[in-house]
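Notes for the one structure printed next.
The values are calculated or read from the model by the stated rules, or taken from the named source; none is laboratory data. This structure is a prediction, so every number in the text was calculated from the model and none was measured. As a convention, Cβ positions derive from the backbone with ideal geometry for all residues, glycine included, and neighbour counts pool all protein chains shown.
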Amino acid sequence: MHLFIEQLINGITLGSIYSLTALGLTLIFGVLDILNMAHGAVFMFGAFTAVLIVSKLGLPLWVGFLGGCIVSGLLGYALEMFALRPLRRRKNTSPLAPLISTIGVSIILENIARALFGSDTISFRTSISDINFKLGEIDINLINLVILAVSFTITILLYFWLKNSKSGRALRAVSENPDTAAFLGVNTSKVITFTVVSASCAGGAAGVLVAMAFNSVNNEIGLAMGLKGLAIIILGGMGSVNGAVAGGILLGLAETFVVAYGDSGYKEIIGFIIIMAVLLIKPQGIFGTTQKVKV
Amino acid sequence: MPDLEIETLSVCYGHVEALRGVTLRVKDRQVVSLVGANGAGKTTLMKTIAGLIPPLSGKIRYNGMNIDSLRADEIIRNGISYVPEGRAILNKMTVLENLLMGAYIRQDREVMADLENILEKFPILGTRKDQLAGTLSGGEQQLLAIGRALMSKPKFILFDEPSLGLAPIVIEHIFEIIKDINESGVTIMLVEQNVHKALSISDYAYVMETGKIAMEGNSKELLYEKRVMDAYLGKKAK
């Protein structure tokens, strides 16, 4: 039984990071109707930044965490300014253009990462990496608790900000109908920039947490995480905040339990098996809604 | 004078020149209606005034100020509110949240008091305030769109086809409300398919045909003008 509970904690921890990653993707999809293929690369830069700050500069973990968020946020700003906004300004661009543009940015960022950080896995030991304690029969890693606390805090803050604040409402309005938001007085361009930057910050935070969880970082986690993030928002329902959170937790649990009780070889594909199963039953995703067209 | 003046306005919608040199004037505190057949360019004109479509050439002045190059979010800050065709309710938000979005541009402390007033004025919205707006009926959504526009405390409201798709009794109610809003000092520009209704509540009217103003005059006089009907049905005015 205690093994099950340990795995449950591991699964939720991993899942909470996935949720945070997917949340950024789903917010950007909401306001821009595009898949941000550069999200994984932004995530990876957050992770690398934290590792450099903590391991190379010897600064405390929280500084590394903040640094990772800030660098990712700045990359998000650059992404919006140079890759997304110029395309929105033009008339008659293909709806696929911003998607291709984000793929371009992700390739550029991955090459920069290779040049800056090399292609080896860099280990990431922090002051809390090796602290374990027992709660009855159950072994608990302190780092898992920290990750859980941080990612849930960010997720919950984001959730209530979206639900209850004036700016959160404006973001949801832009997400549902940019023209309507605009004639009600929302500067949609500002809201979009803000969304891309904060989604990238959240992605960077998730990157740092993954580096903490696995005690290492390499330049392949970006691509892997980007794809998982996409899988999660398809699973949860495109643009749905609840879907991103639920989908992330579900994927984290599934991966952990497959490794613990099944075959670790299935870890990377279990998510996609779940997606196929869910989409067969509910093609719009768990929390997805079908757009009703009114005449 | 806080009039809305439009001068030789031309607008391209896609590749089509939807408006070709439209000139009109909406005087302060009047109700001015704009009638004409489908495709005459009425909605394009409303969207252009609201700042959603940039004009190709021509001038739009409000309160003596040029507003033709302003974005939609700047137009409403100048006191011009928009109730679009099809109502454009935010379906995934509650009735209350839609009304609060209406007050998005306001910073004052009376927003909550005004919200109470709207819910009192439109009791059906009060009983449904926590419901998702997408679940409302067409008539209720129209009330919500009007309430949302009022929440910005506008001086001028653009109404695009407020009666579209509604039952006759609901239409009566909507036109009563529009008259009330005007009597409270708000200038109104009204686009309507329902020519008779539009002319009966407006002071002045313009008839549009294929992107141009074909006729104009006092509404009461236009009511008996046969050519208005012809224009509405898409026939060439002689």
(message) From the list A:126, A:188, A:121, exactly one residue is at pLDDT below 90 and more than 16 Å from the chain's Cα centre (by Cα). Which is it?
(response) A:126
(message) Exactly one condition in (1) free of Cβ contacts under 8 Å to residues at least 24 places away in the same chain; (2) within 20 Å of residue B:45 (Cα to Cα) is false for residue B:227; which is it?
(response) (2)
(request) Can you tell me which residue among B:87, B:148 is touching a residue at least 40 places away in the same chain (Cβ under 8 Å), within 12 Å of chain A (Cβ to nearest Cβ), in contact with a helix residue (DSSP H, G or I) (Cβ under 6 Å, 6 or more places away or on another chain) and part of a helix (DSSP H, G or I)? (result) B:148
(request) Report the residue count in region B:97-134 for those that are polar (S, T, N, Q) and under 19 Å from residue A:163 (Cα atoms). (result) 2
(message) Of all residues being out of contact with any helix residue (DSSP H, G or I) (no Cβ under 8 Å at 6 or more places or on another chain) and surrounded by 21 or more Cβ atoms within 10 Å (Cβ to Cβ) in region B:24-39, which is farthest from the other protein chains (Cβ to nearest Cβ)? Just the residue, please.
(response) B:32
(message) So, in region A:269-287, how many residues would count as being at pLDDT below 85 and either at positive phi or within 12 Å of chain B (Cβ to nearest Cβ) (or both)?
(response) 0
(message) Here is a check on your reading of the model: is residue B:103 among the aliphatic types (A, V, I, L, M) and in contact (Cβ under 8 Å) with a residue 24 or more places away in the chain?
(response) yes
(message) So for region A:84-106 (the condition being surrounded by 15 or more Cβ atoms within 10 Å (Cβ to Cβ), in contact with a Phe, Trp or Tyr (Cβ under 7 Å, 6 or more places away or on another chain) and in contact (Cβ under 8 Å) with a residue 60 or more places away in the chain), does at least one residue qualify?
(response) no
(request) Counting only residues that are buried (at least 24 other Cβ atoms within 10 Å of the Cβ) and more than 12 Å from chain B (Cβ to nearest Cβ), give me the helices (runs of 4 or more DSSP H) lying completely in region A:153-250 with at least 3 of them. (result) A:188-214, A:221-236
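Here's the yes/no breakdown for (1) assigned to a helix (DSSP H, G or I); (2) more than 14 Å from chain A (Cβ to nearest Cβ); (3) buried (at least 17 other Cβ atoms within 10 Å of the Cβ); (4) of a type outside the set (Lys, Arg):
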site	(1), (2), (3), (4)
B:112	yes, no, no, yes
B:180	yes, yes, no, yes
B:190	no, yes, yes, yes
B:199	yes, yes, yes, yes
B:214	no, yes, yes, yes
(message) Given (1) at pLDDT below 95; (2) outside any helix (DSSP H, G or I), identify the lone condition not met by residue A:145.
(response) (2)
(request) Give just the number: which of (1) in a helix (DSSP H, G or I); (2) in contact with a Leu (Cβ under 6 Å, 6 or more places away or on another chain); (3) not hydroxyl-bearing (Ser, Thr, Tyr) does residue A:128 not satisfy? (result) (1)
(message) So for region B:24-38 (the condition being over 23 Å from residue B:180 (Cα atoms), of a type outside the set (A, V, I, L, M) and at pLDDT below 95), does at least one residue qualify?
(response) yes
(request) Among the residues of region B:57-80, write down those that are within 13 Å of chain A (Cβ to nearest Cβ), in contact (Cβ under 8 Å) with a residue 40 or more places away in the chain and at negative phi. (result) B:76, B:80
